[in-house]
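Novice: Handing you this structure, nothing more for now.
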Amino acid sequence: EPEVTQTPSHQVTQMGQEVILRCVPISNHLYFYWYRQILGQKVEFLVSFYNNEISEKSEIFDDQFSVERPDGSNFTLKIRSTKLEDSAMYFCASSEARHSGELFFGEGSRLTVL
Amino acid sequence: QKEVEQDPGPLSVPEGAIVSLNCTYSNSAFQYFMWYRQYSRKGPELLMYTYSSGNKEDGRFTAQVDKSSKYISLFIRDSQPSDSATYLCAMSGQDTGRRALTFGSGTRLQVQP
């Protein structure tokens with residue numbers, strides 16, 4: 001069964017460092033997303049991406065964050081200068097349809113900022 | 001008022017019981033309603049997806065949406081210990097092309113053997 005894969009599964013970084021989280025969405029999906037979940041809290045939307053551009057972003061997704069689809073398979077989330085409060089699970093998701101909630105999530109990348 | 005409210009639990013039931021999970025919401029623009037299952041430190045796994053009001057059944061799972069009451073439910077029949085997980089409701093709207101999902105906080109379910 002096709003799945004969304006994410007790397008790394010866990011990254012520990014120092015405050016102020018840049019981090020890149022990587023995702024390989026399901027191959028025939030056209031819409032890509034990043035969500036995050038701070039420990040013990042709700043899953044929160046960060047950004048959606050379609051046709052090589054951001055289609056929607058939340059107030060969390062400030063100038064420290066960026067997304068890119070550098071090739072035909074990868075989808076990345078970059079955090080330029082990490083803060084302690086960026087520590088969370090980051091989930092990549094993809095979907096096939098335009099107006100749909102049928103998102104398929106990856107296993108997540110745990111980011112720990114020290 | 002929170003946009004999506006969900007009782008955090010934990011909800012503990014014996015194996016074989018019928019489980020009822022629910023969420024309420026305040027935004028009448030929501031049209032797509034989902035239930036995800038999340039095991040500890042794993043990604044959300046889509047269980048049920050419903051558009052607008054009505055019922056949908058898939059195996060042991062039944063999802064209900066009542067848009068007039070802004071209330072959605074997930075029923076699990078013949079619950080199994082492997083159903084022990086956190087269940088997240090999620091919803092999204094179409095009116096402005098908004099695809100972002102708004103999640104509930106999740107209900108932790110424990111099915112006792």
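Read-outs: derived from the displayed coordinates by stated rules, not from any lab. Just so it is clear, the model here is predicted, and its values are computed rather than measured. Glycine also receives a Cβ, built like all others from the backbone with ideal geometry; neighbour counts cover every protein chain displayed.
Novice: Take the Cα coordinates of the protein assembly as shown, assign each an equal point scatterer, and use the Debye formula without solvent to give log10 I(q)/I(0) at q = 0.09, 0.11 Å⁻¹.
Specialist: The Debye formula, applied to the Cα set alone, gives -0.37, -0.55.
Novice: On to the next question. For chain B, how many pairs of lysine residues have a Cα-Cα distance under 17 Å, where the two are 8 or more positions apart or belong to different chains? Spell out each step's value before the answer.
Specialist: Details: B:Lys2/B:Lys67; B:Lys2/B:Lys70; B:Lys56/B:Lys67; B:Lys56/B:Lys70.
Counting lysine pairs in chain B gives 4.
Novice: May I pose another question? About the Cα centre of chain B, what is the dipole size in debye to 20, counting +1 per Lys and Arg Cβ and -1 per Asp and Glu Cβ, all else neutral?
Specialist: With Lys and Arg at +1 and Asp and Glu at -1, about 280 debye.
Novice: Right, something else. Step through the residues of segment B:11-17 one at a time and calculate ³J(HN,Hα) from phi using the Karplus curve (6.51 cos²θ - 1.76 cosθ + 1.60, θ = phi - 60°), rounding each to whole Hz and writing x for Gly and Pro.
Specialist: These are the phi-based 3J(HN,Hα) values: 10, 10, 9, x, 3, x, 6 Hz.
Novice: Would you mind giving the mean number of other chain beta-carbons within 10 Å of the Cβ of each residue in A:37-44, as a whole number?
Specialist: Per-residue shielding by partner chains comes out at 5.
Novice: I'm checking a number: the convex hull volume of the Cα atoms of chain A, normalised per residue, in Å³. What is it?
Specialist: Per-residue hull volume (Cα only) is 102 Å³.
Novice: Using the Cα centre as the reference, give the magnitude of the dipole from point charges on the C-beta atoms of chain A (Lys, Arg: +1; Asp, Glu: -1; all else neutral), rounded to the nearest 20 debye.
Specialist: Computed about the Cα centre, the dipole is about 200 debye.
Novice: Of the DSSP beta bridges with both residues in the protein assembly as shown, give the percent that are antiparallel, rounding to the nearest 5.
Specialist: Roughly 90 percent of the beta bridges in the protein assembly as shown run antiparallel, per DSSP.
Novice: Still on this structure, please answer the following. Separation between the A:Asn28 and B:Lys42 pseudo-spin-labels, each 7 Å from Cα along Cα→Cβ, expressed in nm?
Specialist: 2.5
Novice: So for A:His10, A:His29, fewest C-beta neighbours within 10 Å to most, what's the order?
Specialist: Final ranking by Cβ density, sparse to dense: A:His10, A:His29.
Novice: Still on this model: Taking amide H positions as placed in the peptide plane 1.01 Å from N, state which residues far from A:Tyr31 in sequence (5 or more) or on other chains have amide H under 5 Å from it.
Specialist: A:Ser95
Novice: Whole number please: convex hull volume per residue of the Cα set in segment B:3-113, in Å³?
Specialist: 90
Novice: Contact order normalised by length for chain B, with contacts defined as Cα pairs under 8 Å and 6 or more residues apart; what percent is it?
Specialist: The value is 37 percent.
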